[in-house]
Amino acid sequence: ACIDAYEAEFGLPTLPPIVEDGQWNEVGGHLKHVSISKYGEHIWGVDTDDNIFYRNGLEGDWMSIPGSLKQVSVSGDGDHVWGVDSVDDIFYRNGIGGSWTQINGKLKQVSLSEDGAHVWGITPTDSILYRNGVSGEWTQIEGSLKQVSVSGDGGHVWGVNSVNEIYYRLGTEGDWIRIGGGLTWVVVSGDGTHVTGVTVHDQIFHRSGVLGEWIQIHGSLKQISVSEDGTHLWGIGPDNKVYYRAGAVELELGQIDGSMKYVETSGNGEHVWGVDSKDDIFYRNGVDGSWSQ
């Protein structure tokens, strides 16, 4: 059941970020989407032609993987890879050493827990599906969402629907609870204690789990990625500039030089990958590291 439970006000002004210096360095190759494992040792991506690529960490080289996908997602331990193709068919492989196996059903977006045992997906018609790992079967979950995010431990699920309403449930056994406010995108940390989202006006909000209250974070973002422990937040601004902050609430948001359309950070925040408007690939060894090609 959907229960109106928590309220939040989203009319706060957007404050400018604190600017810091930094430098982006390009990583060879062209991709439209990239996904990394918890510690950054497994990197999967797809290019504009839906070709699939894998890289064994920053020091590795891009390797072409047979198949065609429009989106790919790797579990935190790197042992489970799921993807969807241009007609929303679903595919799975057991890490880099496995081979693609088609999974029954249709999905447009998929989210995995750290060990791959909890798979949540959104169908082309915004239906919600759950599967207990690759050996399980799809179960339809009541409700309708356009985007879903499951915590690393699989116990906390957040999502937003087509009118930007926010919902939360306690894993598969809970009921959907309506959370006050409106977001276009929401992400949850590994244990569910850090929840961050952005609004249609690119305002940024954070809460300490389901029982917390929304607190606005200074700055303006349209897309975000949060590490497993919630201490590293990377995001894309309205002008495609890249931003980083240490922790969701305590410190200010600082600008990282460069322009990106998508960014993803590893679970421990030490590995950051991004793709710019030309589908060029960039990497950074955490906020204190230097960008290297």
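For residue 196, the stated conditions do not hold, so it cannot be described as under 14 Å from the mean Cα position of the chain (by Cα), farther than 29 Å from residue 58 by Cβ and modelled with pLDDT of 85 or more.
Quick one: would you say residue 181 is touching a residue at least 40 places away in the same chain (Cβ under 8 Å) and either of a type outside the set (S, T, N, Q) or part of a loop (DSSP other than H, G, I, E, B) (or both)? Write out each step before concluding.
Values: touching a residue at least 40 places away in the same chain (Cβ under 8 Å): yes; either of a type outside the set (S, T, N, Q) or part of a loop (DSSP other than H, G, I, E, B) (or both): yes.
The answer is yes for residue 181.
Within segment 49-79, the set of residues being of a type outside the set (Ser, Thr, Tyr), open to solvent by 30 Å² or more (accessible area, probe 1.4 Å) and more than 16 Å from the chain's Cα centre (by Cα) comprises 49, 51, 53, 56, 58, 59, 61, 62, 63, 66, 67, 79.
The values are calculated or read from the model by the stated rules, or taken from the named source; none is laboratory data. Everything numeric here is computed off the predicted structure, so don't read it as measured data. All Cβ positions, glycine included, derive from the backbone under ideal geometry; neighbour counts span all protein chains shown. Quick note on the areas: whole protein, heavy atoms, side chains included, nothing else; ligands and nucleic acids left out. Shrake-Rupley method; radii C 1.70, N 1.55, O 1.52, S 1.80 Å.
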